[in-house]
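Written below as structure tokens is the structure these notes are about.
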Amino acid sequence: MEYSSDEFDVIVVGAGIMGSSTAYQTAKRGQKTLLLEQFDFLHHRGSSHGESRTIRATYPEDYYTPLVLESYKLWQQAESEIGYNVYFKAHQLDMAPANDKVLHAVVESCSKNSVPLRVMNPDQLDREFSGRIRIPEDWVAVATEHGGVIKPTKAVSMFQTLALQNGAVLRDNMGVKGVERDGVRGGVWVCTENGERFWGKKCVVTVGAWTTKLVKTVAGIELPIQPLETTVCYWRIKEGHEGGFAIGGDFPTFASYGDTYIYGTPSLEYPGLIKVAVHGGYSCDPDKRPWGPGNPLAPLKEWIEGRFSGVVDSGGPVATQLCMYSMTPDEDFVIDFLGGEFGKDVVVGGGFSGHGFKLSPVVGRILADLALSGEAQGVELKHFRIARFQENPKGNVKDFL
């Protein structure tokens, strides 16, 4: 089929990690693809910028683990096509009080998905890491080989470059104000704020923290996706101890459950600094952000002092970065057709709730499947339906919460 310059097989709205991965997938499959971004490419106003994201298979919800395992393969496949690395290998360590329901669910999920793990008591953990990580007497730790760090801005750039190499058209500073059904020949018109219009057989909406606003404008549907502003903190490793916390050795990516969910990565992006942060943040309007003051530091300071034996300076972070989450009530994704007058012509991917980046290769594959064939191969999407919030405003019920 011949197209004019403003006609496409697939139009992807939003060029963060999910949209860029989707555009790579559709272009690679020979589909004429347009990728639109409201700001500059690789901007810092959303959820896809920065220097590191954790990848791990230790999920309390067993339906994420197979997606993570597929994502590892897809990350490596994309790396082989581009010729450089965005994934850096590490093991993963999860820790919590011994009676913590989330950690118990993690162990069950790993068992169900055949992910090997080791459970360690405080003494065993102390020996494993020569005292670099310690936990209280009534805690346990779970170690798996499936951890690691992704370089986010580099990863977005990789998918955009691969999409371009496969024939996609990339346009930034193109805010989308509407998507309209073409009642004559089918498909949709995507309308931008500067007055341009593009026709597409299919449209995929991956606009992160702006998902609720755009979906309400386009379809009148209120999605319960709440943007949060979160703070990433970097802490100084005391002189002489830097090597023990660096990527490439045996120091893991990690997550700590309990009263506060704390996570972190080995020292990578800033030599001598380790990333330790709280999973969570403050509600915000993505167009009127507070740009601070950040999450409370007291729980982080206490945690660092208790876990790293004084080898990491807990006085305060030496560097911070702001980022956004797009939270659903159940912290599960939204991956579904928009429905209504759009039927299966518009697909939405959003609500990634601060844990989606690692899964972006498989999410892009799934969104491309849905747009091009109307179904996703080899994956169960019932937990990601929009309709779940009509059945229960809190979304999916989880017994470990």
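The values are calculated or read from the model by the stated rules, or taken from the named source; none is laboratory data. Predicted model only: the values in this text are computed from it and were never measured. Every residue, glycine among them, receives a Cβ derived from its backbone with ideal geometry; neighbour counts consider all protein chains shown. Ligands, DNA and RNA are excluded from the accessible area calculation, which covers all protein heavy atoms including side chains. Shrake-Rupley method; radii C 1.70, N 1.55, O 1.52, S 1.80 Å.
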Gain on full stretching of the segment that runs from VAL397 to LEU164 - 0.36 nm per residue minus C-alpha separation: 79.8 nm
Environment charge of GLN38, counting only residues whose C-beta is closer than 14 Å and scoring Lys/Arg +1, Asp/Glu -1: -2
The stretch 67-135 - percent of accessible surface contributed by carbon and sulfur, probe 1.4 Å: 49 percent
Cα-based reach from LYS89 at 23 Å (exclusive), listing lysines while leaving out same-chain residues under 8 positions away: LYS73, LYS151, LYS154, LYS275, LYS358
Extension gain from ASP123 to ALA298, taking 0.36 nm per residue of separation minus the Cα-Cα distance: 60.4 nm
Per-pair calculated FRET efficiency, R0 = 41 Å: GLU380 and ASP287 via Cβ, rounded to 0.05: 0.70
Long-range HN-HN contacts of HIS91 with modeled amide H, under 5 Å: THR253
Rounded if a/c under 1.5, otherwise prolate or oblate - the stretch 90-153, Cα gyration tensor axes: oblate
Accessible area of the chain divided out per residue, in Å², using a probe of 1.4 angstrom: 41 Å²
Backbone HN-Hα couplings from phi across the stretch 125-130 [Karplus 6.51/-1.76/1.60, Hz, Gly and Pro as x]: 5, 4, 5, 4, 10, 6
Distance cut-off 21 Å, percentage of C-alpha pairs in the stretch 52-140 lying past it: 42 percent
Cα centroid separation - the stretch 75-96 against the stretch 130-180, whole Å: 9 Å
Three-way shape call for the stretch 1-74 based on the alpha-carbon gyration tensor, with the a/c threshold at 1.5: oblate
HIS241 accessible area, assembled protein chains, probe 1.4 Å, Å²: 90 Å²
Virtual spin-label span in nm between LYS344 and ASN194, 7 Å along Cα→Cβ: 3.5 nm
Chymotrypsin sites (Phe, Trp or Tyr not before Pro), loop per DSSP, at most 13 other Cβ atoms within 10 Å - longest free stretch of the chain: 85-290
Positive minus negative residues near VAL140 (Lys, Arg vs Asp, Glu; Cβ under 12 Å): -4
Computed FRET value (nearest 0.05) for LYS101 with THR153, which takes r as the C-beta separation and R₀ as 35 Å: 0.50
The stretch 331-401: C-alpha gyration tensor shape, a/c 1.5 cut-off, then a/b vs b/c: oblate
Surrounding net charge for GLU269, when Lys and Arg each add one and Asp and Glu each subtract one, Cβ distance under 13 Å: +3
Theoretical FRET efficiency, 1/(1+(r/R0)^6), r = Cβ-Cβ of GLU180 and GLU269, R0 51 Å, to 0.05: 0.75
For the stretch 377-382, 3J(HN,Hα) per residue [Karplus equation, 6.51 cos²θ - 1.76 cosθ + 1.60, θ = phi - 60°, Hz, x = Gly/Pro]: 7, x, 9, 9, 9, 4
Estimated inter-spin distance, ASP138 and ASP62, nm [label 7 Å along Cα→Cβ]: 2.9 nm
